[in-house]
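This report refers to the structure that appears directly beneath it.
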There are 2 protein chains.
Amino acid sequence: MTSNQVGAAPGDAGPDGRMRLSLAIRGVGYHPAAWRLPGTDPAAEQRLQHYAEVARIAERGKFDMIFFADTVAIRESALEPDTLARNSTLARIEPLMILAGVASQTSRIGLAATASTTYNTPYQIARHFGSLDLISNGRACWNLVTSWSDAEARNFGLDVNASYGDRYDRAREFVGVVTRLWNSWEDDAFLFDKQGGLFHDPAKLHTLDHEGRYYKVKGPLNVPPSPQGRPVICEAGASEAGQELAAYSADVVYAIAQTEEAAGRFYRSVKARLPKYGRSASDVKIMPGISPIVGKTEAEARAKFRALQDLIDPRLGLSLIAPYVGDLSGYPVDSPIPDVAMQGSTLETMRKLMKEIAAGRELTIRALYEHVAAGRGHWTLVGSAEYIADQLEAWFRAGVADGFNIVAAHLPGVIEDFVELVVPILQERGLFRRDYEGETLRENLGLRKPVGLVAG
Amino acid sequence: MTSNQVGAAPGDAGPDGRMRLSLAIRGVGYHPAAWRLPGTDPAAEQRLQHYAEVARIAERGKFDMIFFADTVAIRESALEPDTLARNSTLARIEPLMILAGVASQTSRIGLAATASTTYNTPYQIARHFGSLDLISNGRACWNLVTSWSDAEARNFGLDVNASYGDRYDRAREFVGVVTRLWNSWEDDAFLFDKQGGLFHDPAKLHTLDHEGRYYKVKGPLNVPPSPQGRPVICEAGASEAGQELAAYSADVVYAIAQTEEAAGRFYRSVKARLPKYGRSASDVKIMPGISPIVGKTEAEARAKFRALQDLIDPRLGLSLIAPYVGDLSGYPVDSPIPDVAMQGSTLETMRKLMKEIAAGRELTIRALYEHVAAGRGHWTLVGSAEYIADQLEAWFRAGVADGFNIVAAHLPGVIEDFVELVVPILQERGLFRRDYEGETLRENLGLRKPVGLVAG
C-alpha cells in the first residue's frame with residue numbers, strides 16, 4: 001500500500017513493517033476512578049457523543065481501530081451494594097449500537113465490538129457484523145468471546161456456564177458458520193440491470209446447508225457481502241484452547257503480558273500454530289494491551305498516575321481483586337497479600353500474572369488493587385512520551401508484538417495525550433503510519449483479503 | 001403538549017386529537033419494480049446514506065417515526081433462480097444497525113426496527129433496543145414479531161417453525177421479561193457523586209429473577225434506563241392471538257385494511273381488549289398501512305402508478321402471489337384467478353383480502369399481482385394530494401384509525417411527494433402537527449410515560 005518502507009521489518013508486522021494501534025474504550029476509562037477525575041463528566045459514559053469524540057481523536061492519530069469489550073451481565077460481585085455504589089460502567093450502551101452510531105461520524109478507523117458465541121446465534125452475529133461492515137464501508141471487526149461467567153449464563157436460562165472445552169468446541173464451529181454465511185453472496189452477485197430487470201446473478205449466491213455437531217444453519221445470509229471480504233475477527237484467549245481457536249480463525253489477537261519475555265512466549269506460541277491451518281505468520285496480528293499514562297516529563301506522568309490511584313476507594317479496590325484472591329476485607333490494605341489468598345485464586349492467567357508482579361517486590365493488598373486498577377491486568381507504562389515510545393519500539397523490534405492495544409485508563413485524556421505526544425515520535429521513527437494506507441480496516445491492518453472459507 | 005386543540009377529537013387519538021404518521025421503509029421502496037424506475041439507483045438499498053436521506057425527509061414532514069420490517073431469512077420461494085434474479089432487497093442491512101446509524105443524522109423522528117421473539121433472547125433484545133433508545137435520546141421502537149416462516153426456523157437449527165399458539169405464548173412471556181429488564185434501573189439510580197465516590201444508589205437497581213414457562217432470566221439489565229420510560233413497542237398481528245398480545249403489550253398497532261369497515265372492525269376489536277389489561281383506549285395507537293401514489297393531479301398520479309406497474313416482470317409478479325394462491329405460471333396472466341387457487345390459499349388474512357378485492361370486479365392474475373405489488377396487501381391510494389388527504393381524514397374522523405403507516409412504494413419519491421403535497425393539507429386542516437410536541441417518540445405519539453410493569 002505504501003512505498004515508504006522502513007529499514008527494519010521486525011516480527012510479522014506485514015509488508016510495511018509498521019506497528020498497529022488499537023484503542024480499548026470503556027466508559028470514561030478502564031481505571032475504576034476515572035469518573036472521579038476533575039474535569040471528567042461521569043455521565044459521558046451513557047452518551048454516544050463521548051464515544052464519537054474519542055473515536056475521532058484516535059482517528060486523527062491514525063489508529064487502526066477502536067475496541068469495546070463486553071459482557072451480557074453485570075458480574076455478581078459488582079452487585080453487592082458496597083461495590084455497586086462505587087462502580088462506574090455497569091450500565092452501558094451495547095457496543096454494536098455505539099459503533100453503528102460512531103460509523104457515520106468517522107471515516108477510516110476500524111470499529112471492533114465484542115459478542116459472545118455462547119449467548120448469540122451464528123445467523124444473528126453474521127447479520128449484525130455484516131451490517132456494521134456495510135454502514136462503515138468495510139471497517140467492522142468482531143471480537144469473538146466465548147463468555148465464562150455464571151452471571152451471564154443466568155441471563156440466558158442456564159444456572160452455570162458451559163464447560164471450558166465445550167465453549168471452545170462450539171465457538172470453533174460457530175465462527176466457521178459465520179464466516180461461511182459472510183460468503184453467501186459473491187462480490188459481483190448484484191447486477192442492478194434495470195433494463196433487463198435482473199437484480200441478482202443467481203449463480204453467485206451460495207446456500208450454506210450447515211449441519212454440524214452444535215449448529216444447523218441453512219442460509220444464505222440476507223445481508224450483502226462485506227467491502228473487506230469479510231469483517232475482521234479479533235480474539236483474546238490466552239489459554240491453550242483460546243490460542244488454538246485464534247490460530248484457526250482470528251485476524252487480530254489481543255494479548256496480556258507484563259514482560260517482553262512473556263509477550264514473546266505468547267507471540268511465538270500463537271504464530272507457531274498457524275501453518276496447520278494453512279495460514280502464514282503475517283495473517284495474524286498480535287497486539288498486547290498496554291495502559292499508558294503519558295506526561296510531558298516523567299514527573300508529570302507519575303503525578304497524573306498517583307492522582308488517579310489516590311481516587312480509588314479501598315472498598316472498590318478490594319472488590320476488584322476479590323474474584324482472584326477472595327475477600328480480603330479482614331486484612332489491612334497495606335499488609336502483604338496472605339498466602340492463602342494466592343492459593344485460592346481461580347483464574348489461571350491472573351494467578352500467573354500476580355506471581356510475576358510479586359517476584360520483584362513485596363506485594364501489599366493496596367499495591368495489588370492499584371496495579372489491577374491501573375491496567376486491568378495489562379502492562380502499565382507511566383512516563384514521558386519518549387520513554388513510552390522506547391518501550392513500544394523495543395517490543396516491536398524484538399518481534400514479540402505486531403502492535404499494541406491501548407487500554408485507556410481515562411478518556412478522552414489518555415488518547416489525547418497519546419495522539420499528541422507519542423504518535424508523532426512513532427511516526428518520526430518510521431514505526432507508525434502518517435496516514436491510512438487503505439479504505440478498509442483489513443487493508444490498514446495489512447491483511448490479505450480472504451478468499452474462500454476458514455479452513456477445517 | 002400543545003394548547004392548540006382542534007375542534008374534533010375523533011377516535012382515541014390522544015389529547016391533541018391529531019393523527020400520527022409512520023413511514024415504512026424497505027430498500028428503495030416496497031414496490032417490486034421500484035428499483036427499475038428511471039432516476040432510482042438500485043444500489044442505494046445497500047447504503048446507509050439512502051436511509052438517512054429518507055429519514056430526514058420524513059422528519060422535515062414531522063412524521064412520528066420511520067419503520068423497518070425484517071425477517072431472519074430469505075424466503076425459500078425467493079431463492080428460485082427465476083425469482084432471485086428479479087427480486088431486490090433480499091440482501092439488506094439489518095434494521096437496528098441502520099437505525100443506530102440514522103440516529104445521529106436525525107433529531108426528532110422515531111426509529112422502529114423489527115425483531116423476532118422466536119429467534120432472539122429477551123436479554124439481547126432489551127439491550128439492543130435499550131441502547132438504541134439511549135443513542136437516539138428516547139426515539140427507539142421495537143416492532144415485535146413472532147416469525148412464522150420455516151425458512152427462518154432453518155437458519156436457527158430447527159426444521160419448522162414453532163406452532164402458532166406456542167409462538168404467541170412465548171412472545172407474551174418474552175415481552176414481559178424485556179419490559180421488566182428495561183425497568184432494572186430507576187431514572188435517578190445514577191448519583192455521579194465524584195466527591196463521595198458514589199456512582200449508583202444501590203436501592204434503585206432491581207434484579208428480575210424471572211422464572212417462567214419458557215424463560216429464566218436473572219437480570220438486572222446492564223444498560224441505563226430509557227429516556228422515554230421504555231422503548232415504544234409496535235405490533236402488527238391481525239389474528240386473535242396477535243390482537244390479544246397487542247392489547248397486552250403494544251403502544252402502536254399496525255393494521256391491514258382495504259375498507260373503512262374492515263379498519264373499523266379491527267380498531268374496535270383491539271381497543272375493546274384493553275380494559276382487561278388495565279389500559280385505556282388512548283394507550284394504544286392503531287395505524288393502518290396505506291400505499292399512496294400522489295400526483296399534482298389525479299391523472300399525474302395514475303400515470304406514475306401505471307409506469308411503476310408496467311415495470312413488473314410477470315415472472316416476478318407470479319412469485320409474489322404464489323405463497324397465497326400457488327403456482328399459476330400455467331395460466332395466462334390476463335385470465336381470471338382459478339377457483340382452485342383461491343381454495344388452496346393458506347394465509348387467512350390474505351385470502352379474506354383477495355375476496356374483498358374480487359367482490360367488486362373480475363380479478364385476473366395480473367390484476368392480483370399488480371395489486372399485491374402496489375401495496376403489499378395495504379390500501380393503495382392513487383390520486384391528487386387533496387384526494388389522499390380526504391381519505392385519511394375520513395378514516396381518522398370516523399374513528400377507525402389513530403394515524404397511518406405510509407408503506408412507500410418507491411423511495412425517496414413517495415415520501416418527498418407526501419411531505420411536499422399531502423402533509424401541508426393535513427396541517428391546514430388541523431389534523432397533523434406543524435412541529436414536534438415533545439423530545440421523545442413516546443411524547444410525540446401522545447402516550448403516557450409508562451409507570452411500573454406490563455400487567456400480567
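The values are calculated or read from the model by the stated rules, or taken from the named source; none is laboratory data. Keep in mind that what you see is a predicted model, and the values were worked out from it rather than measured. When we count neighbours, we look across all protein chains shown, and the Cβ atoms used for this are built from the backbone with ideal geometry, even at glycine.
Structure above, values below:
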| quantity | calculated |
| --- | --- |
| Of all residues making up the range B:90-125, the number that are part of a loop (DSSP other than H, G, I, E, B), aliphatic (A, V, I, L, M) and within 7 Å of another protein chain (Cβ to nearest Cβ) | 3 |
| Test result for B:N155, facing another protein chain (nearest Cβ under 7 Å), surrounded by 23 or more Cβ atoms within 10 Å (Cβ to Cβ) and touching a Phe, Trp or Tyr at 6+ places or on another chain (Cβ under 7 Å) | yes |
| Candidate set from the range A:158-189 (those that are polar (S, T, N, Q) and crowded, with 17+ Cβ neighbours inside 10 Å); member that is nearest to the other protein chains (Cβ to nearest Cβ) | A:S184 |
| Residue tally, condition under 21 Å from A:F156 (Cβ atoms), facing chain A (nearest Cβ under 9 Å) and of a type in the set (K, R), over the range B:190-231 | 2 |
| Residue satisfying all of: in the range A:76-89; surrounded by fewer than 22 Cβ atoms within 10 Å (Cβ to Cβ) and not in a helix (DSSP H, G or I); nearest to the chain's Cα centre (by Cα) among these | A:T89 |
| Qualifying residue in the range B:174-192 (condition: among the basic types (K, R) and under 20 Å from B:S239 (Cβ atoms)) | no |
| Unique match (being modelled with pLDDT of 95 or more and in contact with a Gly (Cβ under 6 Å, 6 or more places away or on another chain)) among B:I98, B:I135, B:I125 | B:I135 |
| Residues satisfying the stated conditions in the range A:120-174, i.e. closer than 21 Å to A:F68 by Cβ and among the aromatic types (F, W, Y) | A:F129, A:W142, A:W148, A:F156, A:F174 |
| Scope the range B:217-237; condition more than 20 Å from A:S88 (Cβ to Cβ) and within 29 Å of the chain's Cα centre (by Cα); matching residues | B:V217, B:Q228, B:G229, B:R230, B:P231, B:V232, B:I233, B:C234, B:E235, B:A236, B:G237 |
| Looking only at the range B:126-152, and only at residues there that are farther than 16 Å from B:L96 by Cα and of a type in the set (S, T, Y), the one that is farthest from the other protein chains (Cβ to nearest Cβ) | B:T146 |
| Qualifying positions in the range B:46-62 - in a loop (DSSP other than H, G, I, E, B) and within 11 Å of chain A (Cβ to nearest Cβ) | B:R47 |
| Among (1) of a type outside the set (F, W, Y); (2) part of a helix (DSSP H, G or I); (3) more than 18 Å from the chain's Cα centre (by Cα) - the single one A:I415 does not satisfy | (3) |
| Residue in the range B:129-166 that is nearest to the chain's Cα centre (by Cα), counting only those that are among the hydroxyl-bearing types (S, T, Y) and either in a helix (DSSP H, G or I) or at negative phi (or both) | B:T146 |
| Strands (runs of 3 or more DSSP E) (entirely within the range B:187-287) containing at least 2 residues that are of a type in the set (D, E, K, R) and in contact (Cβ under 8 Å) with a residue 60 or more places away in the chain | none |
| Candidate set from the range A:34-45 (those that are buried (at least 21 other Cβ atoms within 10 Å of the Cβ) and free of Cβ contacts under 8 Å to residues at least 60 places away in the same chain); member that is nearest to the other protein chains (Cβ to nearest Cβ) | A:W35 |
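Residue-by-condition table, conditions (1) of a type in the set (S, T, Y); (2) at positive phi; (3) crowded, with 23+ Cβ neighbours inside 10 Å:
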| position | (1), (2), (3) |
| --- | --- |
| B:A262 | no, no, no |
| B:S269 | yes, no, no |
| B:R279 | no, no, no |
| B:M287 | no, no, yes |
| B:K296 | no, no, no |
